[in-house]
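Peer 1: Quick one: the structure is below, questions incoming.
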Amino acid sequence: MLRGLKFPSRKLLVSCAALALASGVSTACFKSLDESLLDDAQGGAGGSGGQSSGGSAGSGGTGGSSGSSGTAGSGAQDAGSDADDASDADAAIPITVIPWDSTKYPSTSLAGGATNALLSVDANSAYWVPEDAINDNVRKTALDGTGTTSGSDKFDRPASLSSPAISLFFYVGAGVQATDEGRLVRFEKNPAGANPAIELPYASSSIGHIVAMTITSENPPRLIVVAKTGSKNQPHILGTSLAGGGSALDLIYTDPDGNQTGGPIASDKHCIYWITNGRAYAVPLGGGSRVDALATQVTDATGLASDGNKIFVARANGEVWVRPVLNATCDGSGPAETRMLSGFTAPSELVSYADRIGFIAGGSDLGEGGIFSHVVGSTSVQQIVPASESPVKLRQIGSNFIYRTLGGVIAKVPDGTQ
């Protein structure tokens, strides 16, 4: 359900089932933010307003399940009165979920990758490497389907991969043999000969495994990385300019607590946003103190993205929340988040593109999961890839989604903007 709709009184609402029969499409009943608050008051399980009932800190949490939906009143039942405004908030609000159309959204297999492959894309290629592999290298698969090549020296225990479209290099958050040490290395995308690893060092101490990366909109842009840390006072957020391919890493934020998982990361012109231990945080681009990225912190965040004006946070409880980006001081103040969607099973792999968000979910009120696209502010969710494909990794470039399946296949599909 989308926040921001003006909800009519009960006598103007119809049931989801009636709408589904009338329209001939699948209609899911998603809850409004007001409804979830009412559920909490009535003892419904699950989080509202950014609260969770049972996320697991170490893995990002499982989160609570939403309370059950109220029943939409009929005109006959409510004919004489509009006085029950509070109960009207509990009416089921229909949101159209459009099932996959194989003609509009045909998938094209690009490569047989690996079942645990990391994935990154640029305008021409998909890059992939088995996660946590020992003595392996990155492969490059052309998006036009012309083949796959090996693209680098070998390295150990990769945990993240980034191939910025604006750069001549791709970057790997690699490990150091079987230790908890981590390092950032770069390789040429189109080497003339051998392609040795060039390390971008951090001089002060070890940095743990780099588990996610993002690119800022600065000029020149910076590559920002978030690291998984085991001990207190280890650096957690670091960055390097992409000019010339990058140099030594600079400290942005040092984690004071230790035992941080790290997770998805994004940025806007003022802040860096990231998820760790199921919580969403922000810190100024220039460094400083960490603040909660949401007005009400959660413990089951599974995905994060930004379009430069808004940040989007997916939760294990099946919801996606949206908040305006933080102000220039990145102090956590400003308008609070609102719930944008619900009714999905553990949405993750959140991406922002054009006027949309895309994500993977294990299930939905449609009855199955897959890859979904949602035009922000609209009242529909489009299923782009069906659950039978078992997608587990998702990236977006141009007008396509690039995804990896549970079986290791790397494929592309139109992203819905065509």
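The values are calculated or read from the model by the stated rules, or taken from the named source; none is laboratory data. If you're wondering where the values come from, they're calculated on a predicted model, not measured in any experiment. Note that we place each Cβ from the backbone using ideal geometry, even for glycine, and neighbour counts take in every protein chain shown. Surface accessibility is based on the protein's heavy atoms, side chains included, excluding ligands, DNA and RNA. Shrake-Rupley method; radii C 1.70, N 1.55, O 1.52, S 1.80 Å.
Peer 1: Report the net charge of residues surrounding Ile198, where surrounding means a beta-carbon distance below 12 angstrom and charges are Lys +1, Arg +1, Asp -1, Glu -1.
Peer 2: -1
Peer 1: Sticking with this structure for a sec: For Ala212, which sequence-distant residues (separation of 5 or more, or a different chain) have an amide H within less than 5 Å of its own amide H, given hydrogens modelled in the peptide plane?
Peer 2: Hits under the 5 Å cutoff: Val226.
Peer 1: Order the peptides 204-211, 143-150 from the highest to the lowest mean number of other Cβ atoms within 10 Å of their residues.
Peer 2: Ranking the peptides 204-211, 143-150 by packing returns 204-211, 143-150.
Peer 1: Out of the trypsin sites (Lys or Arg not before Pro) in the stretch 220-288, which ones are loop residues according to DSSP with at most 10 other C-beta atoms within 10 Å?
Peer 2: Counting only loop positions with at most 10 other Cβ atoms within 10 Å, none of the trypsin sites (Lys or Arg not before Pro) in the stretch 220-288 qualifies.
Peer 1: Normalised by the number of residues in the stretch 116-223, what is the relative contact order in percent for Cα pairs under 8 Å and 6+ residues apart?
Peer 2: 20 percent
Peer 1: Within 12 Å, Cβ to Cβ, of Pro235, how many net charges do the neighbouring residues add up to if Lys/Arg are +1 and Asp/Glu are -1?
Peer 2: Once all neighbours under 12 Å are counted, the net charge is 0.
Peer 1: Enumerate the residues in the stretch 189-223 having an amide nitrogen under 16 Å from the point lying 7 Å beyond the Cα of Asp180 toward its Cβ.
Peer 2: Backbone N within reach: 205-211.
Peer 1: In addition: May I ask you to evaluate 6.51 cos²θ - 1.76 cosθ + 1.60, the Karplus curve with θ = phi - 60°, for each residue of the stretch 295-307 and list the ³J(HN,Hα) values in order in whole Hz, giving x for glycine and proline?
Peer 2: 4, 10, 5, 10, 10, 10, 5, 10, x, 8, 7, 9, 9
Peer 1: Provide the FRET efficiency to the nearest 0.05 for the Asn116-Asp331 pair, computing r from the beta carbons and using R0 = 60 Å. Provide the component values of the computation, followed by the final result.
Peer 2: Working: r = 39 Å, r/R0 = 0.65.
Working from the Cβ atoms, E equals 0.95.
Peer 1: Heads up, I need the accessible area for Thr229: 1.4 angstrom probe, whole protein in place, Å², nearest 10.
Peer 2: Solvent-accessible area, nearest 10 Å²: 10 Å².
Peer 1: Tell me the carbon and sulfur percent of the accessible area for the stretch 301-409, rounded to whole percent, probe radius 1.4 Å. Can you show the working numbers first?
Peer 2: Working: 1660 of 3330 Å².
Of the solvent-accessible surface of the stretch 301-409, carbon and sulfur hold 50 percent.
Peer 1: In whole percent, what relative contact order does the stretch 166-290 give with Cα contacts below 8 Å and a gap of six or more residues?
Peer 2: This gives 18 percent for the stretch 166-290.
Peer 1: Counting Lys +1, Arg +1, Asp -1, Glu -1, what net charge surrounds His209 among other residues with beta carbon under 10 Å of its beta carbon?
Peer 2: 0
Peer 1: Could you sort Met213, Met340 by accessible area so the largest value comes first, with the probe set to 1.4 Å?
Peer 2: Of Met213, Met340, the descending order of accessible area is Met213, Met340.
Peer 1: Is there a quick way to get the dipole size of the stretch 309-389? I mean about its Cα centre, with the Cβ of Lys and Arg at +1 and of Asp and Glu at -1; what is the value in debye to the nearest 20?
Peer 2: For the stretch 309-389, the charge dipole is close to 200 debye.
Peer 1: Please work out how much length the chain gains when fully extended from Asp250 to Asn124, using 0.36 nm per residue of separation minus the C-alpha to C-alpha distance, in nm with one decimal. List each step's numbers first, then the result.
Peer 2: Numbers: separation 126, 0.36 × 126 = 45.36 nm, distance 2.99 nm.
Contour length minus Cα-Cα distance gives 42.4 nm.
Peer 1: Moving on. Quick one: length gained pulling Thr146 to Ser241 fully straight, 0.36 nm per residue minus the C-alpha distance?
Peer 2: 31.0 nm
Peer 1: What is the packing order of peptides 288-298, 97-107, taking the mean over residues of other C-beta atoms within 10 Å and listing the highest first?
Peer 2: For the peptides 288-298, 97-107, the packing ranking is 288-298, 97-107.
Peer 1: Short version: ³J(HN,Hα) in whole Hz for each residue of the stretch 195-211, in order, from phi by Karplus 6.51 cos²θ - 1.76 cosθ + 1.60 (θ = phi - 60°), x for Gly and Pro, what are they?
Peer 2: Per residue, the Karplus-derived 3J(HN,Hα) values read 10, x, 6, 10, 7, 9, x, 10, 6, 6, 6, 5, 10, x, 6, 7, 10 Hz.
Peer 1: Evaluate the relative contact order of the stretch 312-399 (contact order divided by residue number), counting alpha-carbon pairs under 8 angstrom at least 6 apart; express in whole percent.
Peer 2: 20 percent
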